[in-house]
1. Can you pull the accessible area of Phe233 for me, 1.4 Å probe, Å² to the nearest 10?
2. Would you calculate the separation in nanometres between label points at Arg98 and Asn59, each defined as 7 Å from the Cα along the Cα-to-beta-carbon direction?
3. Starting from 0.36 nm per residue, how many nanometres of slack lie between Asn28 and Phe404 once their C-alpha separation is accounted for?
4. Kindly sort Ser34, Ser92 by accessible area of their heavy atoms, largest first, with the probe set to 1.4 Å.
5. Give me the one-decimal nm value for the distance between modelled label points at Asp204 and Arg452, 7 Å along each residue's Cα-to-Cβ direction.
Amino acid sequence: MRLDATDLRYISSQEFRVLTAIEMGSKNHEVVPSSLAAQICGLHHSGINKLLGSLAKRNLIARVQNTKYDGYRLTYGGYDYLALRAFSKRDSIAAVGRRIGVGKESDIMIVSSPEQEQRVLKIHRLGRISFRAIKEKRDYMGKRKSASWMYMSRLAAAKEYAFMKILHEHGFPVPQPIDQARHCIVMSYIDAFPLRQIAVLPPDQIPLLYSALMKLIVRLARAGLIHGDFNEFNLLIREVSTASDEEYDSDSAGAPPARDPQPSSSSRRDPTDSAQQDTLEAELAEGHQIERGNGFERVVAPAQSQLPDVDDVDDVSDEVDQEDEEEDDDDEAASETSERQIHLGDDVTVEPILIDFPQMVSINHENAEYYFDRDVECVRRFFRKRFRYHSDEFPRFQDVVPEFVRKQTKLPKSAPQPQDVDQDAVNNVQTGDVRLDLLAKASGFGGSKQDRELEQYMSSLRLSTTQGMIEVADSSPESGDEVDSDEQDEEEDSDQEDGEDEDESSEDDEEDDEQGSDA
Ligand code: ADP
Ligand code: MG
């Protein structure tokens, strides 16, 4: 599924009105009859067919022939379009670049702000995974009748944004959230590599990184939260080039680096810089690989050994296997991976940035201990396998969040602004007030019906992943996209109101301050 940004400019205001009408009609119609669309956007029935036809031609909507009546439904393409348009109007995105990641459940794109600052657009695409296998497991899926993928994607985006915002405001090392619309979020670009790709770390950095990760898990738990997917894919490892560099600063947590960190073994460049292209090609000819994991390309030395595969992160219940390192050695090297390996030079210092939050849970969640232990075990296991690093020092849920802390339900009065955050209070919530899970709950997550649905989906997905049942469908199932009537946000409806004169305005509107830059 491609995201087509070119259409943004060329849709007419009437087409836009019709598209929005189809979206609105979807709130309570699985298939929106054209007469209803006409009624919603105040056009004559006769006049709307051409517009519907041209939207369908661009795959923004799809014609559905029902037994009862014909009509249209919004496609993911149309949903993307509406989200992008909202971002563009709010100056969160001025241009869409290339795709840097295709997750099982998301697309990750590099985008830029009107000031040409690189940002990341995450498009949630729940339902890309085939649920055939999971559906059999009724326990996991519960009694939800039809999977409303767009609605669930939107929920995932809203939840991810809410958590990222709370974490960022409280000084956690996460990207800076910039904007959210429908099933998409915009955040700052992190110039880093997923831990998964780090093959070699300077020896002194290994215990330091291990301990930084454990501290992060503990700090989250003391603030009431468990990530729930704290693994090598969701930890970006950023270089802090020299000791003289500034300490981690949450305000600049997401800002693309002004400097150019240069580890001895690699170099980094903007792939659009044609002046450097020749050298790049020369290096390629020498057998170097170009790393395309993130927004910049980086030339890495030819691989010396395959990365051990650390995929099979099982449940914590298999603690026994911590004793089985010899056995771990066995066939790890044989498990080939096509991923690039990053070798970090001797002089680097690294720091982790945490991403991917739709599955976060509160320490009051019924399975909190299980999730906490699993997060801890993911890190331990990865370090054993990848870096041959074994530590008996690791946090236990019962110690980190004793009973009385879990019972504490006092809600902080208001979300403090980043500049007001008292880090000591955040770090000592056992005796203080700040419980981020409660803040999140106040913003709609952590107990609502929709949130439970999303949670059920997320945990069934995780279960299915560990049990190897995932199939990635060729295209997203777009049927059953009905949207709960109470769950479309008004802010986006307002897009529709000024739809008439919308055509070029979002592109030309330069005077507005960038909405998200101070988020
Ligand atoms: P998913 O939910 O599909 O796992 P993630 O949020 O984990 O999606 O992102 C997938 C990948 O995209 C990450 O492993 C990382 O490589 C890249 N990525 C995501 N967010 C950012 C960001 N803010 N900056 C840089 N890269 C990112
Ligand atoms: Mg992820």
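The values are calculated or read from the model by the stated rules, or taken from the named source; none is laboratory data. All values derive from a computational prediction rather than experimental measurement. A quick note on method: Cβ atoms are made from the backbone with ideal geometry, for glycine too, and the neighbour counts reach across all protein chains shown. Side chains are part of the model used for accessible areas, which takes the heavy atoms of the whole protein and leaves out ligands, DNA and RNA. Shrake-Rupley method; radii C 1.70, N 1.55, O 1.52, S 1.80 Å.
1. For Phe233, the solvent-accessible surface is approximately 90 Å².
2. Inter-label distance under the simple model: 2.0 nm.
3. 130.9 nm
4. Numbers: Ser34 25, Ser92 0 Å².
Result of the area sort, largest leading: Ser34, Ser92.
5. If labels sit at Asp204 and Arg452, their model points lie 5.3 nm apart.
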